[in-house]
1. Mean separation of Cα pairs under 8 Å and 6+ residues apart, divided by the residue count of the chain: what relative contact order is that in percent?
2. Residues with amide H under 5 Å of VAL94's amide H, sequence separation 5 or more or different chain, H placed in the peptide plane at 1.01 Å from N; which?
3. For LYS96, LYS48, LYS53, what ranking results if the residue with the fewest other Cβ atoms within 10 Å of its Cβ goes first?
4. In whole Hz, what ³J(HN,Hα) sequence does region 37-53 give by Karplus (6.51, -1.76, 1.60; θ = phi - 60°), x for Gly and Pro?
5. If we count other beta carbons within 10 Å of each Cβ, what is the order of VAL30, VAL8, fewest first?
6. Under 5 Å between amide hydrogens, which residues at least 5 positions from ILE68 or on another chain qualify, with H placed 1.01 Å from N in the peptide plane?
7. I'd like the Karplus ³J(HN,Hα) series for region 14-19: coefficients 6.51, -1.76, 1.60, θ = phi - 60°, whole numbers in Hz, and an x wherever there's a Gly or Pro.
8. Short version: ³J(HN,Hα) in whole Hz for each residue of region 58-66, in order, from phi by Karplus 6.51 cos²θ - 1.76 cosθ + 1.60 (θ = phi - 60°), x for Gly and Pro, what are they?
Amino acid sequence: MAADEEYVYDEASGEWLPASEIAARSEVVVRDAAGNVLADGDSVVLVKDLKVKGTSTVLKQGTVIRTIRLTANPEEIDCRHDSIRGLVLRTEFVRKR
């Protein structure tokens, strides 16, 4: 136990734990429809046809989306498609390529 290490009170366990341990617990793991872990920069494939809200565009099953970015919500990813900018997809509709 280091004297200069910062401790945080964990209300769930009622114990004082190192801040590094609390931070490790709070890291969110983002998974695709098949259960694979996603990371920033991955490429994904759509597992079903999706109609894009606000447009008449339909993204077909098998469409490859490159260079995704993770968001604060573990169920959503931010991405770009050739015809659509600012596209947010739910992770339940994509599979890691």
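Just so you know, all these numbers are worked out from the coordinates, no wet-lab data involved. Everything numeric in this text was worked out from a predicted model, so none of it was measured. Here Cβ is always computed from backbone atoms with ideal geometry, including for glycine, and neighbour counts include all displayed protein chains.
1. 25 percent
2. ALA33, VAL47
3. LYS53, LYS48, LYS96
4. After applying 6.51 cos²θ - 1.76 cosθ + 1.60, I find 6, 9, 9, 4, x, 5, 9, 10, 10, 6, 9, 7, 5, 10, 7, 8, 4 Hz.
5. VAL8, VAL30
6. The answer is GLY41, ASP42.
7. Taking θ as phi minus 60°, the curve returns x, 10, 8, 10, x, 4 Hz for region 14-19.
8. Using θ = phi - 60°, the values come out as 10, 8, 7, 4, x, 5, 8, 10, 9 Hz.
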